[in-house]
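The values are calculated or read from the model by the stated rules, or taken from the named source; none is laboratory data. In this text, all values refer to a predicted model and were calculated from it rather than measured experimentally. Here Cβ is always computed from backbone atoms with ideal geometry, including for glycine, and neighbour counts include all displayed protein chains. Surface areas here come from the heavy atoms of the whole protein model, side chains and all, with no ligands, DNA or RNA. Shrake-Rupley method; radii C 1.70, N 1.55, O 1.52, S 1.80 Å.
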Amino acid sequence: MVETTVRPPDRGVAAGSRFGPYAAVLRSRIQAQRVYRLSFASDAAGATMVGLVEFAEVWVVFNQAKVLGGLDLDAALLLFGLSNLAFALAQLMCGHLDKLPNLIRLGMLDIYHLRPQPVLLQLITSDFSLRRLARATVALAVLTAGLMRNDIDWSPQTILLIGLTVVSATVLFAGLFVVAAGCQFFLIDGAELTNSFTYGGSFAATQPASVFPTPLKLLFCLAIPVAFTAYFPTLALLGLPGPAGFPSWLAWGSPLAAAWVWVLAWGMWRFGTRHYQSGGG
């Protein structure tokens, strides 16, 4: 009698088979964009112009005001670069979630429910717009200029703070896109409303939080904590005092702020999907 031993599947193979469909979809999206090179080039040029126009807005304000909220133009470069780089990367991964209202209205979201994968992960990996890398490139160039023009005390702690800020801020902005998507299950053509705290939050992150009135400080520091994406880290990098009541250690609080946003995102997404009854009602 011959004994046979059944070996469990290798974890690496199992993980690869689990994420294989998502990787295949992403590869197909990237290849499709590479085929139409002229279209991709025009889209990338448009995304670059968006990044340049947003930077021009900040440059005009600080060029006229000289100092705003305790920051000068050089500090504003650092503030803009950190926040806009993180937002551009988050938009690259999750920005297409703002198309969810169209999927719901046309009944196409039902297709995602038929597949044996999480709906949110399917939606996130359903698109990958390479043109948005152009906006990230503009932000990276501004951030580099800000790091060079400011007198920063370079140390391993400084490098760690910059890396932690960019990663955490990217996760935070991605969470805001998921929050906005979860709201679409209850809103009718509510994209403009939800854009107010995704793209609006991105704009607020490029401004010194100290210039906001108290209600907006509470909004952008606690409820939608975009001040953690760049403002508090910028103050720490430059050794500047923050607003009254906001200690300097808040510069290291970006991971907690990102975790808070994803708690909101998970709750809103779960609440929305549980009440979704398909496009046919």
Looking only at residues in the stretch 213-234 that are free of Cβ contacts under 8 Å to residues at least 40 places away in the same chain and surrounded by 13 or more Cβ atoms within 10 Å (Cβ to Cβ), which one is nearest to the chain's Cα centre (by Cα)? Ala227
With (1) touching a residue at least 40 places away in the same chain (Cβ under 8 Å); (2) of a type in the set (A, V, I, L, M); (3) assigned to a helix (DSSP H, G or I); (4) over 30 Å from Asn102 (Cα atoms) as the list, and Ile159 as the residue in question, which single condition is left unmet? (1)
Checked the stretch 130-159 for anything within 18 Å of the chain's Cα centre (by Cα) and hydroxyl-bearing (Ser, Thr, Tyr); matches are Thr137
Please state which of the following conditions Asp98 fails to meet, knowing it meets all the rest: (1) over 22 Å from Ala47 (Cβ atoms); (2) of a type in the set (Asp, Glu); (3) open to solvent by 60 Å² or more (accessible area, probe 1.4 Å). (1)
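Residue by residue, here is whether (1) more than 21 Å from Arg270 (Cβ to Cβ); (2) modelled with pLDDT of 85 or more; (3) open to solvent by 10 Å² or more (accessible area, probe 1.4 Å); (4) not in a helix (DSSP H, G or I) holds:
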site: Asp110; (1), (2), (3), (4): no, no, yes, no
site: Leu120; (1), (2), (3), (4): no, yes, yes, no
site: Leu130; (1), (2), (3), (4): yes, no, yes, yes
site: Ala139; (1), (2), (3), (4): yes, yes, no, no
The correct count of residues that are of a type in the set (Gly, Ala, Ser), part of a loop (DSSP other than H, G, I, E, B) and under 21 Å from Ala75 (Cα atoms) in the stretch 219-275 is 5
Residues in the stretch 184-197: is at least one surrounded by 13 or more Cβ atoms within 10 Å (Cβ to Cβ), part of a helix (DSSP H, G or I) and modelled with pLDDT of 85 or more? no
Could you check the stretch 60-82 and list, in sequence order, the residues that are in a helix (DSSP H, G or I) and loosely packed, with under 15 Cβ neighbours inside 10 Å? Val60, Val61, Asn63, Gln64, Ala65
